[in-house]
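J.: Shown below is the structure under consideration.
The values are calculated or read from the model by the stated rules, or taken from the named source; none is laboratory data. What you see is a predicted model; the values in this text were computed from it and never measured. Every residue, glycine as well, gets a Cβ built from its backbone with ideal geometry; the counts of neighbours run over all protein chains shown.
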Amino acid sequence: MTQYESSNERPSAFSLSYSENGVAWLKIDVPGEKMNTLQSAFADQVSDVLAELKTKKDIKGMVVYSGKPDNFIAGADIRMLDACTTAEEAQQLATKGQELFAQLETLPFHVVAAIHGPCLGGGLELALACHSRVCSDDDKTRLGLPEVQLGLLPGSGGTQRLPRLIGVASALDMILTGKQLRAKKAKKLGVADEVVPHSILLEVAEKQALTEKPKRKHSFQDWAMGGNALGRSVVFDQAAKKTHEKTRGNYPAADAILEVIKYGLQHGVKKGLQQEAKRFGELVMTPESAALRSIFFATTAMKKETGSDAQPAKISKVGVLGGGLMGGGISHVTATKAGYPVRIKDIANDGIQNALAYNFKLLDKKCKRRIINKAELQSQMMQITGGTSFKGFANVDVVVEAVFEDLDLKHQMVRDVEQKTSPTTIFATNTSSLPIHQIAAAAERPENVVGLHYFSPVEKMPLVEVIPHLGTETGAGTSAETIATAVALAKKQGKTPIVVADKAGFYVNRILAPYMNEAASVLLSGEPIEHIDNALLDFGFPVGPITLLDEVGVDIGAKISPILLAELGERFKAPDVFDLLLNDGRKGRKSGKGFYLYNAKQSNAKKKEVDKTVYKLLSLEPKQKAAGLDIALRCTLMMLNEAARCLDEGVIQSPRDGDIGAIFGIGFPPFLGGPFRYMDKLGAKRVVELLTEHVDKYGERFTPCEKLVAMANEEQSFYG
Ligand SMILES: C[C@H](O)CC(=O)SCCNC(=O)CCNC(=O)[C@H](O)C(C)(C)COP(=O)(O)OP(=O)(O)OC[C@H]1O[C@@H](n2cnc3c(N)ncnc32)[C@H](O)[C@@H]1OP(=O)(O)O
């Protein structure tokens, strides 16, 4: 590329240059920031650029590209949206973006977006206003409209251009889920026109720009969807049904997306855009969007945190003890996300085989979906080896232990690892219930011992609790370097780590247990199982508590429960159901027997069915008496109260960590922003009132904790 003219000397996010062959180059490079975002302050710059282009008569085509090494545009600046104080203000931002993109679209020459790295939200909307899109085949390249995850809809033309480009059904799927497409998939769907290696991206885009501007290919789609009311209504009805099953009416953005796309197809692009901007403005002001934006800000801030002041130690290889479900998952994220070679040790060959088979299954799935190719599958599998001895452990920097929950066994593991590895090797235990200092008690170097609590299935669940211990009777607590290394490892594995205190249940299980116990109490009061699960699903949890108990395993619940009761007191007393269930062989899904039917022969229906025999076992006659919302509130209040206690006791370091931990670890309804934001929304006074009412109805376990009472008296909130 020869650039011989630069029209703009001052640092500008949008700058033009020209090649001798008649190609204009529009570079997007937000000064001083590593990520390009669209900000209202750039509107004048874009207008200037467009005005300049209109004065040039000899331009044959234009390439729009990013000046950043690894991103195109990550969308509108979410901080800017967060600062809006009225719906009108946000609507105006959207309208301005729409106007500028419309001008880009009507330029008389071929405008090609050259995309490498994230191209999201407003970034993709800008690319959609270009006439063609060429993408790099790099793994970093992702195209998507993730606004729905922020409680918004695409506000710069995305709801109008995308359905016309790729058809209504595919566009609805992309916009309603916010999914981000890799380049190849984007091409398959018609969002991108070409996928090329990064090294020739600009060259190919330049060639494209010199070709004739393509005609918009939406005439058939317009007919099929705009003109054919019946076809349209079928697609929308299906999408609405599917969406409602997922959102249960808790996410206004989903309904607005359906409404605006439909409106645009019925009334044309111009009116569609007006409606899009209007609804965008309204959504920015909703509490749901504010809560979802807060999750974005929290997770972005957490990406920078290191867990301690020390530098993390270098990791070159990781050992995993135990080839079960957890060990399999941990080895998977370590090898495939973090990119470290993994050596697994199990007492049995079967354990190793299981872990390898588990990894193969996950990689094969990726291969079938063409996310990786066969060679990549093989090379990633070669990163994971295993055996029944400690062979291959001499040079591991971190050992993650995922063996059976038994203190003696864990002690043995600590001793073995200290013997077989180097003095600097970190011993990270994936215990969910045993105190870390007790495990560290067997260590000669307890400063190297830390808790690293993953959630199942490891490859899917985004949270990890990092648990330093404060010291054993004879030894030191977890060192700052060990904490930093554990945090760094978790991040490399693609997880969001929170550092929590070494107290029973840590944070996530500690707030989950009283919630689950309460659901069990509701069950014992005779409420039907589906009614309880539905109540919490309607409230916004991803699975109901009884289903969750079946998934996690009744035996696991039965094991953790007495530990929490002994350490934390009577409010953790579980209703007496575990023994009855376990004596009947009902461990949940893994035993093929639980609260629901898992045997295909028993259950003919596609939908999950309750195993009614469980009522007899528990001497219950199910009858729906309580309203769903009352059940949901009853269970959730137990969780809220415990979360406040955790903050008070320093189990978590901040309300933010508590919110992210609950959302990522349990699936606490994201649109509520987490337990602390939800308590702020209700107000501490109201939370205390509700808890007190529940004390009268259901017992002392609902007694509001001191912190909440103090906050209610002083009218304080968690986020200030
Ligand atoms: C009108 C329109 O329709 C409305 C919109 O476009 S709404 C916005 C839609 N876009 C999004 O939701 C994408 C949000 N961003 C992301 O998901 C991720 O940042 C990403 C996938 C792009 C990159 O992730 P990753 O590489 O881990 O980098 P990450 O640490 O998150 O971000 C790097 C920096 O960019 C910032 N950033 C990224 N996207 C941003 C956005 N849309 N707004 C503001 N800042 C953003 C981050 O805050 C961070 O800033 P910092 O370093 O100063 O703290």
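Residues checked against (1) surrounded by 15 or more Cβ atoms within 10 Å (Cβ to Cβ); (2) modelled with pLDDT under 95; (3) at positive phi; (4) not basic (Lys, Arg):
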{"position": "Arg293", "(1), (2), (3), (4)": "yes, no, no, no"}
{"position": "Gln311", "(1), (2), (3), (4)": "no, no, no, yes"}
{"position": "Ile352", "(1), (2), (3), (4)": "yes, no, no, yes"}
{"position": "Lys368", "(1), (2), (3), (4)": "no, yes, no, no"}
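J.: Have a look at Thr95, Thr86, Thr106 and point out the one that is more than 28 Å from the chain's Cα centre (by Cα) and closer than 24 Å to Thr211 by Cα. Explain how you work it out, then say what you get.
T.: Values: Thr95 fails: closer than 24 Å to Thr211 by Cα; Thr86 fails: closer than 24 Å to Thr211 by Cα.
Going through Thr95, Thr86, Thr106 in turn, the sole match is Thr106.
J.: Examine segment 59-67 for a residue that is of a type in the set (Gly, Ala, Ser), within 30 Å of Ala290 (Cα to Cα), more than 10 Å from the ligand (Cβ to nearest atom) and assigned to a helix (DSSP H, G or I), and state whether such a residue exists.
T.: So in segment 59-67, the residues of a type in the set (Gly, Ala, Ser) come out as 61, 66-67.
This time we only want the ones that are within 30 Å of Ala290 (Cα to Cα), so: 66.
Subset that is more than 10 Å from the ligand (Cβ to nearest atom): 66.
Now restrict to residues that are assigned to a helix (DSSP H, G or I): none.
No.
J.: Only residues in segment 18-39 that are over 17 Å from Ile115 (Cβ atoms) count as the first member; pair them with residues that are at pLDDT 95 or above and near the ligand (Cβ under 9 Å from one of its atoms), Cβ under 7 angstrom, at least 6 apart or cross-chain, and list the lot.
T.: From segment 18-39, the pairs are Gln39/Asp77; Gln39/Met80.
J.: Scan segment 19-78 for residues that are over 14 Å from Ala209 (Cα atoms) and within 30 Å of the chain's Cα centre (by Cα) and report the count. Spell out how you get there, then give the answer.
T.: Applying the first criterion (over 14 Å from Ala209 (Cα atoms)) to segment 19-78 yields 27-57, 66-78.
Next, from what is left, pick out any that are within 30 Å of the chain's Cα centre (by Cα): 28-40, 66-78.
So the answer is 26.
J.: Please enumerate the residues belonging to segment 146-164 that are under 24 Å from the mean Cα position of the chain (by Cα) and among the small types (Gly, Ala, Ser).
T.: Once the filter is applied, which keeps residues that are under 24 Å from the mean Cα position of the chain (by Cα) and among the small types (Gly, Ala, Ser), segment 146-164 yields Gly151, Gly155, Gly158.
J.: Name the residue, out of Leu549, Leu580, that is surrounded by 16 or more Cβ atoms within 10 Å (Cβ to Cβ) and farther than 17 Å from Glu405 by Cα. Please lay out each step first, then the result.
T.: On the way: Leu580 fails: surrounded by 16 or more Cβ atoms within 10 Å (Cβ to Cβ).
Every option except Leu549 fails the conditions.
J.: Anything in segment 248-275 that is free of Cβ contacts under 8 Å to residues at least 24 places away in the same chain, surrounded by fewer than 18 Cβ atoms within 10 Å (Cβ to Cβ) and touching a helix residue (DSSP H, G or I) at 6+ places or on another chain (Cβ under 6 Å)? List them, or say none.
T.: None; the set is empty.
J.: With the requirement that a residue be away from the ligand (no atom under 11 Å from the Cβ), in contact (Cβ under 8 Å) with a residue 40 or more places away in the chain and not small (Gly, Ala, Ser), what does segment 70-90 give you?
T.: Cys84, Thr86, Glu88, Glu89
J.: Still on this structure, I have one more. Across segment 138-151, what is the total count of residues that are in contact with a strand residue (DSSP E or B) (Cβ under 9 Å, 6 or more places away or on another chain) and either within 6 Å of the ligand (Cβ to nearest atom) or aliphatic (A, V, I, L, M) (or both)? Lay out the reasoning, then the answer.
T.: Taking segment 138-151 as the starting set, the residues that turn out to be in contact with a strand residue (DSSP E or B) (Cβ under 9 Å, 6 or more places away or on another chain) are 139-147.
Subsequent filtering for residues that are either within 6 Å of the ligand (Cβ to nearest atom) or aliphatic (A, V, I, L, M) (or both) retains 143, 145-147.
Residues that pass the stated criteria total 4.
J.: Another question, then. Of the conditions (1) of a type in the set (Val, Ile, Thr); (2) in contact with a helix residue (DSSP H, G or I) (Cβ under 7 Å, 6 or more places away or on another chain); (3) surrounded by fewer than 21 Cβ atoms within 10 Å (Cβ to Cβ), Ile73 fails just one. Which one is it?
T.: Among (1) of a type in the set (Val, Ile, Thr); (2) in contact with a helix residue (DSSP H, G or I) (Cβ under 7 Å, 6 or more places away or on another chain); (3) surrounded by fewer than 21 Cβ atoms within 10 Å (Cβ to Cβ), the lone unmet condition for Ile73 is (3).
J.: Would you check if Glu401 is on the phi < 0 side of the Ramachandran plot, out of contact with any Asp or Glu (no Cβ under 8 Å at 6 or more places or on another chain) and modelled with pLDDT under 95?
T.: On the way: on the phi < 0 side of the Ramachandran plot: yes; out of contact with any Asp or Glu (no Cβ under 8 Å at 6 or more places or on another chain): yes; modelled with pLDDT under 95: no.
When the stated conditions are applied, Glu401 does not pass them.
J.: For segment 109-125, how many residues are over 15 Å from Glu276 (Cβ atoms) and either free of Cβ contacts under 8 Å to residues at least 12 places away in the same chain or within 12 Å of the ligand (Cβ to nearest atom) (or both)? Outline the logic, then answer.
T.: So in segment 109-125, the residues over 15 Å from Glu276 (Cβ atoms) come out as 109-120, 123.
From what's left, either free of Cβ contacts under 8 Å to residues at least 12 places away in the same chain or within 12 Å of the ligand (Cβ to nearest atom) (or both): 117-120, 123.
Adding up the residues that qualify gives 5.
J.: Next question. Anything in segment 665-712 that is of a type in the set (S, T, N, Q) and part of a loop (DSSP other than H, G, I, E, B)? List them, or say none.
T.: Initially, segment 665-712 is screened for residues of a type in the set (S, T, N, Q), giving 692, 703.
Result: Thr703, single match.
J.: If you go through segment 276-291 one residue at a time, do you hit one that is among the aliphatic types (A, V, I, L, M), in a helix (DSSP H, G or I) and either within 20 Å of the chain's Cα centre (by Cα) or surrounded by fewer than 19 Cβ atoms within 10 Å (Cβ to Cβ) (or both)? Walk me through it before giving the result.
T.: Of the residues in segment 276-291, the ones among the aliphatic types (A, V, I, L, M) are 277, 283-285, 290-291.
Narrowing the set further to residues that are in a helix (DSSP H, G or I) leaves 277, 283-284, 290-291.
Now restrict to residues that are either within 20 Å of the chain's Cα centre (by Cα) or surrounded by fewer than 19 Cβ atoms within 10 Å (Cβ to Cβ) (or both): 290-291.
Yes, that holds for at least one residue.
J.: Has segment 297-318 got any residue that is of a type in the set (Phe, Trp, Tyr) and closer than 19 Å to Thr85 by Cα? Before the answer, list the steps.
T.: Filtering segment 297-318 for residues of a type in the set (Phe, Trp, Tyr) gives 297.
In the following step, the residues that additionally are closer than 19 Å to Thr85 by Cα were identified as 297.
Yes, some residue in segment 297-318 is of a type in the set (Phe, Trp, Tyr) and closer than 19 Å to Thr85 by Cα.
J.: Further question on the same structure: Only residues that are assigned to a helix (DSSP H, G or I) and under 24 Å from Ser456 (Cβ atoms): list them for segment 580-602, please.
T.: Leu581, Leu582, Arg589, Lys590, Ser591
J.: Filter segment 171-197 down to the residues that are closer than 20 Å to Lys140 by Cα and surrounded by fewer than 16 Cβ atoms within 10 Å (Cβ to Cβ) and list them by number.
T.: Selection gives Lys184, Lys188, Gly190, Pro197.
J.: A further question follows. Among (1) assigned to a loop (DSSP other than H, G, I, E, B); (2) more than 24 Å from Ile532 (Cβ to Cβ), there is one condition Lys625 misses while meeting the rest; what is its number?
T.: That leaves (2) as the condition not met.
J.: Can I ask one more? Could you name every one of the helices (runs of 4 or more DSSP H) located completely within segment 370-481 that has at least 3 residues being among the charged types (D, E, K, R)? Break it down into steps so the answer makes sense when it comes.
T.: Values: elements: 374-382, 407-420, 436-440.
The helices (runs of 4 or more DSSP H) meeting that bar are 407-420.
J.: So which residues in segment 300-324 are under 30 Å from Arg656 (Cβ atoms), touching a residue at least 24 places away in the same chain (Cβ under 8 Å) and not charged (D, E, K, R), if there are any at all?
T.: Within segment 300-324, the subset under 30 Å from Arg656 (Cβ atoms) is 300-315, 318.
Restricting the remaining residues to those that are touching a residue at least 24 places away in the same chain (Cβ under 8 Å) gives 301-303, 305-315, 318.
Of everything in segment 300-324, those that are under 30 Å from Arg656 (Cβ atoms), touching a residue at least 24 places away in the same chain (Cβ under 8 Å) and not charged (D, E, K, R) turn out to be Ala301, Met302, Thr306, Gly307, Ser308, Ala310, Gln311, Pro312, Ala313, Ile315, Val318.
J.: Determine which member of the set Asn509, Asn534 is polar (S, T, N, Q) and surrounded by 21 or more Cβ atoms within 10 Å (Cβ to Cβ).
T.: Of the residues listed, the single one that is polar (S, T, N, Q) and surrounded by 21 or more Cβ atoms within 10 Å (Cβ to Cβ) is Asn509.
J.: Among the candidates Thr95, Thr106, which residue alone is assigned by TED's automatic domain parsing to the domain that holds Glu203, touching a residue at least 12 places away in the same chain (Cβ under 8 Å) and more than 9 Å from the ligand (Cβ to nearest atom)?
T.: On the way: Thr106 fails: touching a residue at least 12 places away in the same chain (Cβ under 8 Å).
Only one candidate passes the filter, namely Thr95.
J.: Consider segment 295-322. How many of its residues are out of contact with any strand residue (DSSP E or B) (no Cβ under 9 Å at 6 or more places or on another chain) and away from the ligand (no atom under 13 Å from the Cβ)?
T.: 7
J.: How many residues does segment 553-574 contain that are under 28 Å from Val695 (Cβ atoms), surrounded by fewer than 20 Cβ atoms within 10 Å (Cβ to Cβ) and not small (Gly, Ala, Ser)?
T.: 7
J.: Give all pairs with beta carbons closer than 6 Å in which a residue from segment 563-579 that is free of Cβ contacts under 8 Å to residues at least 12 places away in the same chain meets a residue that is outside any loop (DSSP other than H, G, I, E, B); count only pairs at least 6 apart in sequence or on separate chains.
T.: Leu565/Phe572
J.: Another one. Is it the case that segment 262-271 has a residue that's under 19 Å from Arg164 (Cα atoms) and small (Gly, Ala, Ser)? Steps first, please.
T.: Filtering segment 262-271 for residues under 19 Å from Arg164 (Cα atoms) gives 262-271.
Now restrict to residues that are small (Gly, Ala, Ser): 264, 268.
Yes, segment 262-271 contains at least one residue that is under 19 Å from Arg164 (Cα atoms) and small (Gly, Ala, Ser).
J.: Test Gln45 against the stated conditions and say whether it is within 13 Å of the ligand (Cβ to nearest atom) and assigned to a helix (DSSP H, G or I).
T.: Values: within 13 Å of the ligand (Cβ to nearest atom): no; assigned to a helix (DSSP H, G or I): yes.
Taking the combined requirement at face value, the residue does not satisfy it.
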